[in-house]
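First up is the structure itself, then whatever we jot down about it.
The values are calculated or read from the model by the stated rules, or taken from the named source; none is laboratory data. Because the structure is predicted, anything quoted here is derived from the model rather than measured. Because the Cβ atoms are built from the backbone with ideal geometry, glycine has one as well, and the counts that use them run over all protein chains shown. In case anyone asks, the SASA skips ligands and DNA or RNA and just uses the protein heavy atoms, side chains included. Shrake-Rupley method; radii C 1.70, N 1.55, O 1.52, S 1.80 Å.
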Amino acid sequence: MKLPRVIEMTTTRADFVRLLPAAVGHVDFIDQGDAFAHQAAGRGWRIGFASMPDLRIGLIRLERHRVDFSFRGFSQAEIDAFLSRFELHFRRGGG
C-alpha cells in the first residue's frame, strides 16, 4: 500500500512521538511543535502534525491529527520506501 502525502491519524501526540523514531529509520529529527523535521547532506523531510477535532463514535473519543509529508532532495523510490516504513510502524489492528 502506498501511503498518500496527507493522511488523518487517530493517535495521541505522545504515541506519535514514541513511534516516530523507528518509523523514520532512527535518524535525528527536530520536534518543531506542529511538525517534525530532518535535514542532512542537502536534503530533508518534514512531517506536519496538526490537531483536528476528535473523532467521536458513541461514547468513544479518539484524538485525530492531520499528518502531511514533504521531501527535498529524495528520489521517488526513497520517498516510497520512507512512506512504506512509516505506514508499517503506525499500522494498527494487525494490518
Inset, instruction - May I ask you to verify whether R92 is of a type in the set (K, R), out of contact with any helix residue (DSSP H, G or I) (no Cβ under 8 Å at 6 or more places or on another chain), open to solvent by 70 Å² or more (accessible area, probe 1.4 Å) and part of a loop (DSSP other than H, G, I, E, B)? - result: yes
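Go over the candidates I57, I47 one by one and state the one that is exposed (fewer than 14 other Cβ atoms within 10 Å of the Cβ) and either within 20 Å of E87 (Cβ to Cβ) or among the hydrophobic types (A, V, I, L, M, F, W, C) (or both). Outline the logic, then answer.
Numbers: I47 fails: exposed (fewer than 14 other Cβ atoms within 10 Å of the Cβ).
Going through I57, I47 in turn, just one is exposed (fewer than 14 other Cβ atoms within 10 Å of the Cβ) and either within 20 Å of E87 (Cβ to Cβ) or among the hydrophobic types (A, V, I, L, M, F, W, C) (or both): I57.
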Inset, instruction - For F74, state whether it is assigned to a loop (DSSP other than H, G, I, E, B), surrounded by 13 or more Cβ atoms within 10 Å (Cβ to Cβ) and of a type in the set (F, W, Y). - result: yes
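Taking the condition modelled with pLDDT under 95, surrounded by 12 or more Cβ atoms within 10 Å (Cβ to Cβ) and of a type in the set (V, I, T), does I7 pass?
Details: modelled with pLDDT under 95: yes; surrounded by 12 or more Cβ atoms within 10 Å (Cβ to Cβ): yes; of a type in the set (V, I, T): yes.
Yes, satisfied.
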Inset, instruction - Identify all residues within the stretch 19-40 that are open to solvent by 40 Å² or more (accessible area, probe 1.4 Å) and touching a Gly at 6+ places or on another chain (Cβ under 8 Å); write none if there are none. - result: D34
Legend entry - Condition met for R66 (in a strand (DSSP E or B), out of contact with any Pro (no Cβ under 7 Å at 6 or more places or on another chain) and open to solvent by 70 Å² or more (accessible area, probe 1.4 Å)): yes
